[in-house]
Amino acid sequence: MISPRRAPGGFPVVGIIGGGQLARMCQPPAVNLALTLHVLSESPDAAAALVVPSAPVGSHLDVGQVLAFARDCDVVTFDHEHVPAEVLQALVGAGVPVHPKPEALLFAQDKLAMRERLTDLGVPCPAWVPVHDAAELAAFGDLHGWPVVLKTPRGGYDGKGVRVVSSVQEAADWLAHGEVLLAEECVPFTRELAVLAARSPSGQAAVWPTVQTVQTNGICTEVLAPAPQLDPVLAAKISQTALLLAGELDITGVFAVEIFEIAGKAGTAPSYVVNELAMRPHNSGHWTIDGSVTSQFEQHLRAVLDLPLGEVSARAPWTVMGNVLGGDYDELYPTYRHLLARDPGLKVHLYGKGVRPGRKIGHVNVYGDDLDALRVRARHAADYLEGTVTE
Ligand code: ADP
């Protein structure tokens, strides 16, 4: 394997397992902070491998490869949550500082473990139950009402591993696998929110303003920062929940809490339940690259190294992030040239990925005073790059 070259002056090497876009977006702040990244990449042309000089190809599933990779790192962190527990334990056993720690990461890897722990902590969650067979699912549905949201506890992303079922029969194929499932009440939420926070090993923590995430076909397409018209009492409760989770779960690094907002009945205050946790920089935090004094990627590096955290206030009243999905063409450059000319205030972030229809290939940020106008600009840019509008 290629060894990373440490910057002169005693600056550390941060190892990232996984070479996706999150690892890629850590590179600009790493350059500015004089930190060296060392990325264990899935392939030589993964998003991060294209911009990080030291990006050996290896598998996060292979203990030997991960341990060899970690020998060159001062700290190891993650681009994704799919590193198995035994690999994480081997790292810890070898004395490698790992952030977030496996005990915390579990709550992002396993939705059943997360539900149990959050319920113990008194954090609002949808009604839920582990389901092993048809009888347990039927009993839960009859008690809490159909449809029921059924989830595979592990391995889900972008809505895969989540299914809304109106009867036991509709879940027959999943139940046939014989593996435990998570059943949840179908929450009548008014919108989805997310709160992003960071905590360092010595316990310093910082929380960004809560944002609204807009999903289309199970994929986040737009983020509004901060969440418009969010009740201030609810906003404070959500921030406190993020801080509570950071401390109680001993989370280190940047993490996100995905939340459902529920309207209050007959003029009462709105409430919330937690959907899930992500223990890494998160799509709902991409707005921070341009819209916050400290981006989530810089903050993650600072947090895992136990450096003082950066300020998390917004640079403008509003920032809107639009995810760019791939269209059915691959010549992006001419389109992008046009877009830069059309909207000089637009900040474009592309991940260097090959274009495939529906694949997340980048995002755009715009910030300013007029939320409606920002939404129009972000939407247009994303649609234009996707090829669904041509003017
Ligand atoms: P993933 O791990 O794929 O991100 P999530 O648990 O976030 O899966 O669920 C994906 C989407 O499914 C959510 O964004 C939300 O729209 C919907 N969903 C998930 N859980 C519930 C629930 N209990 N009630 C209503 N909708 C839900």
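Relative contact order for the stretch 243-323: what is it in percent, counting Cα pairs under 8 Å that are at least 6 residues apart?
Working: 109 pairs, mean separation 20.5, N = 81.
It rounds to 25 percent for the stretch 243-323.
Distance between the modelled labels on Q229 and D120, one decimal in nanometres: 4.0 nm (7 Å Cα→Cβ projection). Among F140, F11, sorting on how many other beta-carbon atoms sit within 10 Å of each Cβ, with the fewest leading, yields F11, F140.
Hey, what did the stretch 64-182 get for relative contact order, percent, Cα under 8 Å, at least 6 apart? Mind dumping the intermediate values first?
Numbers: 119 pairs, mean separation 25.4, N = 119.
Computed value for the stretch 64-182: 21 percent relative contact order.
This ranking places M321, M25 by how few other beta-carbon atoms lie within 10 Å of each, fewest first, which gives M25, M321. Inter-part distance, the stretch 314-391 to the stretch 47-106, computed on C-alpha centroids, equals 32 Å. Taking 0.36 nm per residue of separation and subtracting the Cα-Cα distance, full extension of the segment from T390 to E86 would add 104.5 nm. Starting from the Cα gyration tensor of the chain, take the square roots of the eigenvalues, sort them a ≥ b ≥ c, and report rounded, prolate or oblate (rounded when a/c is under 1.5, otherwise prolate if a/b is larger than b/c, else oblate). Rounded, since a/c falls under 1.5.
If you take the Cα atoms of the stretch 1-129, find Rg, then find the Kirkwood Rh from the mean of 1/r over all pairs, what is Rg/Rh? Before the final figure, lay out the partial values.
Values: Rg = 16.1 Å, Rh = 15.5 Å.
Rounded to two decimals, Rg/Rh equals 1.04.
Footprinting exposure proxy ranking of W287, W174, fewest other C-beta atoms within 10 angstrom first, gives W174, W287.
What shape does the stretch 82-228 take by its C-alpha gyration tensor, where a ≥ b ≥ c are the square roots of the eigenvalues and a/c under 1.5 counts as rounded, a/b above b/c as prolate, and the rest as oblate? Oblate.
Screening the chain for whole DSSP H helices of 20 Å or more along their axis (Cα) with average Kyte-Doolittle hydropathy at least -1.0 returns 232-248, 371-386. Overall form of the stretch 302-391: oblate. Here a/c, set by the Cα gyration tensor axes a ≥ b ≥ c, is 1.5 or more, and a/b is not larger than b/c. All C-alpha pair distances within the stretch 169-245, sorted into 10 Å bins from zero, spread as 14, 32, 28, 19, 6 percent across the bins.
FYI, it's all coordinate maths here, none of it is from the lab. Note that the coordinates shown come from a computational prediction; the quantities given were computed from them, not determined experimentally. Heads up, the Cβs are rebuilt from the backbone with ideal geometry, glycines too, and the neighbour counts pull from every protein chain shown.
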